[in-house]
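Chemist: Got a structure for you, questions after.
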Amino acid sequence: MKTKAASSSRRRFLQVSLSGLASATAAPTIVPSSVFGANAPSNRIQVGAIGVGRISRDHDLPEIIRHDFARVIAVCDLDQKRCAEGKQYVENLYSQKGVQNTGVKMYGDYRELLADKGIDAVVISTPDHWHARPAIEAAWAGKDIYLQKPASLTLAEGRQMSDAVHRTGRIFQLGTQQRSMEQFRRACELVRNGRIGRVHTVKIGLPIDPSGETEPEMPIPPNLNYEMWLGSTPYVSYTEKRVHPQQDYSRPGWLRCEQFGAGMITGWGVHHVDIAHWGLGFEYTGPAEILATAEFPTRGLWDVHGKYRIEACYQNGATLHISDELPNGVRFEGSEGWIFVTRGDYSATGSDPLAPQKKNQALSSSDPKILTSEIGPEEIQFPRSKDHHGNWLESVRSRKPPLCPAEVGHRSTSACLVSHIGMKLKRKLQWDPLRERFHNDDEANSLLARPQRWPWGIQG
């Protein structure tokens, strides 16, 4: 079910992308030698891991190492201790597969890893404020990219990231792994093919984060490059709960600091908004109007939003509701029924926060016949994938788009970031998803980017 707004948005995106590609003809597309041929050792995709903390160890690294046609050959982290443990972790996983003497290289600066000519692709598992810049530089270094969500910390960074990927012809996948789960693909296919009629409402439930107490300043661990870790954000004193644990790989404190992330609106929101866009056919656009409210802590170290309520209206008349009071998942409501989809028992890491709730089926509907409906060959069908990292690696080999390429990932993220701005301003905002600007609102537009501390900001 395509709308005029969605079609116009796609045409606009293609025009921008093609003009960007034309302007980048002086920079040749680099196709790594390892993407050709079968699974011979000399033709494996050589991967470098940037950031080897919790999400990397629990999710990204194991999902890549399970594929024999790829090989993680380097790790990078600003924490020397974590970098060394990351090397050991990768080598142990390969040893369990019977692969010995892998000789994983270590880097303390991701720019040195990107300069390694032997690396074809990178998986970026860094804190949110260090997402866009490494991805941009990886694209210009000729590396294919798997980036943990969100795509960026600000909308301006996300636009620069997507443009860089398209201008260089890199294969990019955002870590929205729900697209590789059967129930989410099935739900979106049913919605897109009109099984619940005209969709008028989408409801998304997300968890929230607790606030924290004031934490004392602590000595910077000698193994941590804290100056670079802060990156483009303002300098603040070190305390362990602001960064990550030094003794384990439990959930890091930076996730709850607005300086480094936006909270659950992007932490989980990008996953579910991505599914909403997929089902509505709005993958290359965004909301036209936003009204949001939220509670923010007035004291303590952890200051991301608490309870919140968001209403976003799209140009086809559909309204998206996002709240911590709704069941975790995505509910599409149409003129002829509803479909609800959630992860079920799945979590990316053992420390994923989930609001207490009753057990939900992974896929349910107002009428069981909706779920058993057959999608015909002439109808909209999405690519099948049971492995999001594997889908990316296959795209690296084939040079065909993966399930969540750069612009789609940017749009899923930008809808969340625009909603976060609405949470801050607490008034109705009019958004132009083509120009990516608010209508006649200088205050709101000033929040589309952040001041960047030299020399870590993104230029241009």
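The values are calculated or read from the model by the stated rules, or taken from the named source; none is laboratory data. Remember, it's a predicted structure, so these values are computed and weren't measured experimentally. Note: ideal-geometry Cβ built from the backbone for every residue, glycine included; neighbour counts use all protein chains shown.
Chemist: Need the failing condition index for Glu407 against (1) at pLDDT 95 or above; (2) charged (D, E, K, R); (3) part of a loop (DSSP other than H, G, I, E, B), just the number.
Modeler: (3)
Chemist: Can you go through Ser232, Ser211 and tell me which one is among the small types (Gly, Ala, Ser) and either modelled with pLDDT of 95 or more or over 30 Å from Gly329 (Cα atoms) (or both)?
Modeler: One residue alone meets the criteria, Ser232.
Chemist: Residue pairs, Cβ under 8 Å, 6 or more apart or interchain, first in the range 430-457 and at positive phi, second part of a helix (DSSP H, G or I). List them.
Modeler: If the second residue must be part of a helix (DSSP H, G or I), the pairs left are Glu436/Leu155; Glu436/Arg159; Glu436/Ser414.
Chemist: What residue, of Ser95, Ser33, Ser23, Ser56, is surrounded by fewer than 18 Cβ atoms within 10 Å (Cβ to Cβ), of a type in the set (Ser, Thr, Tyr) and modelled with pLDDT of 50 or more?
Modeler: Ser95
Chemist: Test Arg331 against the stated conditions and say whether it is surrounded by 23 or more Cβ atoms within 10 Å (Cβ to Cβ), of a type in the set (Lys, Arg) and within 29 Å of Arg343 (Cβ to Cβ).
Modeler: Judged against the criteria, Arg331 is not a match.
Chemist: Then there is this: Go through the range 131-147 and give me each residue that's within 16 Å of Gly409 (Cβ to Cβ) and either aliphatic (A, V, I, L, M) or out of contact with any helix residue (DSSP H, G or I) (no Cβ under 6 Å at 6 or more places or on another chain) (or both).
Modeler: His131, Ala132, Arg133, Ala135, Ile136, Ala138, Ala139, Ile145, Leu147
Residues are listed down the side, and each one gets a yes or a no for (1) within 19 Å of Asn225 (Cα to Cα); (2) of a type in the set (Ser, Thr, Tyr); (3) outside any helix (DSSP H, G or I):
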position	(1), (2), (3)
His59	no, no, no
Val75	yes, no, yes
Arg82	yes, no, no
Val90	no, no, no
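Chemist: While we're looking at this one, here's another question. Count, please, the residues in the range 113-136 that happen to be without any contact (Cβ under 8 Å) to a residue 60 or more places away in the chain and over 24 Å from the mean Cα position of the chain (by Cα).
Modeler: Final tally of qualifying residues: 2.
Chemist: Can you name the residue in the range 149-191 that is part of a helix (DSSP H, G or I) and of a type in the set (Ser, Thr, Tyr) and, of all such residues, is nearest to Ala262 (Cα to Cα)?
Modeler: Once the filter is applied, the top-ranked residue is Ser162.
Chemist: Follow-up question, since we're still on this one. I need the full set of residues from the range 335-362 which are of a type outside the set (Val, Ile, Thr), at pLDDT 95 or above and within 27 Å of Thr293 (Cβ to Cβ), in order please.
Modeler: Residues satisfying the conditions are Trp338, Phe340.
Chemist: Let me ask something else. Is there any pair with a first residue in the range 196-208 that is closer than 17 Å to Thr293 by Cβ and a second that is surrounded by fewer than 15 Cβ atoms within 10 Å (Cβ to Cβ) and basic (Lys, Arg) whose Cβ atoms are under 8 Å apart and which are 6 or more apart or on different chains, and what are they?
Modeler: Here the result reads Ile208/Lys307, each pair linking the range 196-208 to a residue that is surrounded by fewer than 15 Cβ atoms within 10 Å (Cβ to Cβ) and basic (Lys, Arg).
Chemist: Of these, Pro207, Pro219, which one is under 18 Å from the mean Cα position of the chain (by Cα) and either outside the structural domain of Gly108 (by TED's automatic domain parsing) or part of a loop (DSSP other than H, G, I, E, B) (or both)?
Modeler: Criteria check complete, one pass: Pro207.
Chemist: Still on this structure: Checking the condition under 21 Å from the mean Cα position of the chain (by Cα) and not basic (Lys, Arg), which residue from Ala444, Ala406 passes?
Modeler: Ala406
Chemist: Hey, does the range 189-203 have a residue that's within 30 Å of Cys76 (Cα to Cα) and out of contact with any helix residue (DSSP H, G or I) (no Cβ under 6 Å at 6 or more places or on another chain)?
Modeler: So far as the range 189-203 goes, no, none of its residues is within 30 Å of Cys76 (Cα to Cα) and out of contact with any helix residue (DSSP H, G or I) (no Cβ under 6 Å at 6 or more places or on another chain).
Chemist: Here's another thing I want to ask about it. Restricting the search to the range 128-148, which residues are touching a Gly at 6+ places or on another chain (Cβ under 6 Å) and either of a type in the set (Gly, Ala, Ser) or part of a helix (DSSP H, G or I) (or both)?
Modeler: Asp128, His129, Trp130
Chemist: To continue, here is another question. Just to be sure I understand, how many residues within the range 39-57 are among the β-branched types (Val, Ile, Thr) and part of a loop (DSSP other than H, G, I, E, B)?
Modeler: 1
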